[in-house]
Amino acid sequence: MIAPSSAERYFAIMAVQTKAKVVAIVDDDELMRSALQGMLKSVGLPSQAFASAEEFLRSGEQHQTACLIADIRMPGMSGLELQAKLNAEHCRIPTIFITAHGDTKMRMQALRAGAVEFLAKPFDDEVLLESVRAALEN
């Protein structure tokens with residue numbers, strides 16, 4: 001049997017500590033949502049995936065969300081608009097943005113509004129997991 005890595009042990013502990021809290025994934029790309037859910041599951045973190053910002057908001061899960069991973073550009077409400085709406089509702093969720101279409105202006109806007117990280121697709125899985133870990137510690 002292979003011993004779990006320190007990252008796996010850390011995330012297993014965090015999963016217990018966050019209880020019902022989950023990592024929410026909001027991305028219009030089904031393959032990206034599935035890949036992210038699989039990666040989070042592999043380190044013991046529960047997640048829920050949503051195809052749009054509107055679907056996430058309708059779900060009511062924002063109050064059970066410990067960390068949000070959101071795409072910037074999506075049909076309907078963008079990730080930045082979702083962040084602004086959550087902030088306006090005093091629902092501050094540590095947010096990690098992922099995008100294939102980001103620029104410096106978007107990155108600065110997201111970080112000024114409280115984002116934990118802003119990653120360009122394709123991104124390194126370990127960098128994303130480290131960002132999730134940092135978000136869960138807040």
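Restricting attention to the stretch 84-98, does a residue exist that is over 22 Å from E126 (Cβ atoms) and within 11 Å of the chain's Cα centre (by Cα)? Working first, answer last.
So in the stretch 84-98, the residues over 22 Å from E126 (Cβ atoms) come out as 84-93.
Add one more test, that the residue is within 11 Å of the chain's Cα centre (by Cα), and what stays is 93.
Yes; the residues of the stretch 84-98 include at least one that is over 22 Å from E126 (Cβ atoms) and within 11 Å of the chain's Cα centre (by Cα).
Return yes or no: is D71 under 12 Å from the mean Cα position of the chain (by Cα) and charged (D, E, K, R)?
Working: under 12 Å from the mean Cα position of the chain (by Cα): yes; charged (D, E, K, R): yes.
Yes; evaluated as a whole, the condition is true for this residue.
When restricted to residues that are among the charged types (D, E, K, R) and assigned to a loop (DSSP other than H, G, I, E, B), the stretch 41-59 contains 0. Among the numbered conditions (1) without any contact (Cβ under 8 Å) to a residue 12 or more places away in the chain; (2) in a loop (DSSP other than H, G, I, E, B); (3) acidic (D, E), the only one that D28 does not meet is (1). Number of residues in the stretch 60-73 that are closer than 24 Å to P122 by Cβ, part of a strand (DSSP E or B) and of a type in the set (A, V, I, L, M, F, W, C) equals 4. When the stretch 110-138 is limited to residues that are surrounded by fewer than 20 Cβ atoms within 10 Å (Cβ to Cβ) and charged (D, E, K, R), the one that is modelled with the lowest pLDDT turns out to be E137.
The values are calculated or read from the model by the stated rules, or taken from the named source; none is laboratory data. Source: prediction; values computed, not measured. Every residue, glycine as well, gets a Cβ built from its backbone with ideal geometry; the counts of neighbours run over all protein chains shown.
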